[in-house]
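Values in this text are rule-based calculations from the coordinates and carry no lab data. Only a predicted model underlies this, so the values are computations on that prediction, with no experimental measurement involved. Virtual Cβ from ideal backbone geometry, glycine too; neighbours counted across all protein chains shown.
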Amino acid sequence: MPTDVILTEDLLIERIREAGLRLTLPRRAVVRALAASEEPFISARLIIEHVRETVGRIEASTVYRILDDLARIGLVHHIQLGSGQSGRWHITLDHDHEHLVCEVCGRTLEIPHAEFASLFELLRSKYGFQTSPHHFAFLGSCDDCGPQDDHPHPRGGD
């Protein structure tokens, strides 16, 4: 197993213990699936498959509860991808970015959180809305895929 995977897994385990959660075999298997994924965003289905390979039979609901526990203590976030796709899970030990997700090819860009500061300030000053951004994704299409004519909300206009 690559060193960075081991370091990430160890750090996640340390944070789980610091949060006062028990380190059960299923919880360790979910952490390993997240840390070992070569994709920065992993579907719950793939996490469940990995956990089943590690611990055998396990209910999907148990894996979802573990993911929710990890999200509650800030170790992962669930990113909604839209377009009928299930969301993806993302390790957020270094939560200093947000995402731009192409709905066509799935390409995802990480954008520094600070680049959204003016948007958050606009929402507060103009609309009286205080944001609590914890991790989010803007959906659209990348330059390679271009505008999508069949998108329900075309670009441009008022």
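Any idea how far apart Leu7 and Asp143 come out in nm if each label point goes 7 Å out from Cα toward Cβ?
Reported label-point gap for Leu7 and Asp143 is 3.2 nm.
³J(HN,Hα) across the range 42-50 via Karplus (A = 6.51, B = -1.76, C = 1.60, θ = phi - 60°), whole Hz, x for Gly/Pro?
Calculated HN-Hα couplings, in order: 10, 6, 4, 4, 5, 5, 4, 4, 5 Hz.
Obtain the nm distance between the two label points defined at Leu25 and Ser43 by a simple spin-label model: each point lies 7 Å from its Cα along the Cα-to-C-beta direction.
2.7
Taking 7 Å along the Cα-to-C-beta vector as the label spot, tell me the Phe129-Glu115 distance in nanometres, rounded to one decimal.
Result for the modelled spin labels: 2.2 nm.
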